[in-house]
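Notes to accompany the following structure.
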Amino acid sequence: LIATAAAKNGIDTIKSLLLVVVAVYIACILQILLVHTPLVALVARKNPLKFFKDISEAQVVAFTSQSSYGTLPVTIKTLVENAKVSGNVASFVAPLGSTMGMNACGGLYPAIVAIFVANVFKVDLTMYHYILIVVTTIISSIGIAGVPGAATMSTTVVLSTAGLPIEGMAMVMAVDAIIDMMRTLTNVTGTAVTAVVVDETEKRKKEKNM
């Protein structure tokens, strides 16, 4: 795919695609540092470093398999055995998180691709376009299948909604597998964070009622 993209569009396109890969990786890292970490520290009241170490096995499987569904058994296992999350909470939140709340696949990635496609095809994005992209990505992140390549479908929806050429998606497909690794890791991390937050809030409610 990378060779085909280079042959058809020139090496400059590959350089642009490398910037897309870097942008997605940075965005995912910021999502984990600025959103997930504060939730673990302030809401769940746990040590973020220890928590991320506890779920590291699930993160590695997510990174290599590119599938939230494929990582699901490991996600539940690490939550229950390592992070000490209740089995009931883990078995409910983790499967739900494999479909809903796809931070990277449905949120970050389509937005970055939309900006990339707009630059490639020299389309000027107005504030209306940016608002449209944000709203569409939020909606599309609620129901993406946790399998490799599912983000492509949500991205085409965002592109068509914003009036951008869907053909631009073909170029990004050349590096989609590399990007999908980090996307899936971020999604699984978000699922684990949600599970621990729900579990800790439930525990505190029970303690107050006793």
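With respect to the chain, whose longest principal axis is taken over its alpha-carbon atoms, helix 87-97 is tilted by about 10°.
Please list, or write none, the aspartates and glutamates whose alpha carbon is within less than 18 Å of the alpha carbon of Lys203, excluding same-chain residues fewer than 8 places away. Cα-Cα hits under 18 Å: Glu81.
Given a Förster radius of 45 Å and the C-beta distance between Lys203 and Met127 as r, what FRET efficiency does 1/(1 + (r/R0)^6) yield to the nearest 0.05?
0.55
Rounded to 0.05, the FRET efficiency of the Leu19 and Ala177 pair, given R0 = 25 Å and the Cβ-Cβ distance, is 0.90. The alpha carbons of the chain give a radius of gyration and a Dmax of 18.3, 68 Å, in that order.
The relative contact order of the range 53-210, computed from alpha carbon pairs under 8 Å that lie at least 6 residues apart in sequence, is 36 percent. Report, in degrees rounded to the nearest 10, the 0 to 90 angle that the Cα long axis of helix 176-209 makes with the longest principal axis of the chain. Long axis of 176-209 versus the principal axis of the chain: about 30 degrees.
Here the Karplus relation 6.51 cos²θ - 1.76 cosθ + 1.60, evaluated at θ = phi - 60°, turns the backbone of the range 64-79 into coupling constants of 8, 8, 6, 9, 5, 5, x, 7, 3, x, 6, 4, 5, 4, 5, 5 Hz, with x for every Gly and Pro.
From the convex hull of the Cα coordinates of the range 12-103, what is the mean projected area in square nanometres?
One quarter of the hull surface, i.e. the mean projection, equals 6.6 nm².
Phi-derived couplings, Karplus 6.51 cos²θ - 1.76 cosθ + 1.60 at θ = phi - 60°, listed residue by residue for the range 27-34: 4, 5, 5, 5, 4, 5, 6, 9 Hz, with x used for Gly and Pro.
Here the label points at Ala41 and Val134, each 7 Å from Cα along the C-beta direction, are separated by 2.5 nm in the simple model. Per-residue packing, averaged as other Cβ atoms within 10 Å, sorts the ranges 178-190, 110-122 into the order 178-190, 110-122, beginning with the highest.
No value in this document is a laboratory result; all are computed from the given coordinates. These figures come from a predicted structure and were not determined experimentally. Note that we place each Cβ from the backbone using ideal geometry, even for glycine, and neighbour counts take in every protein chain shown.
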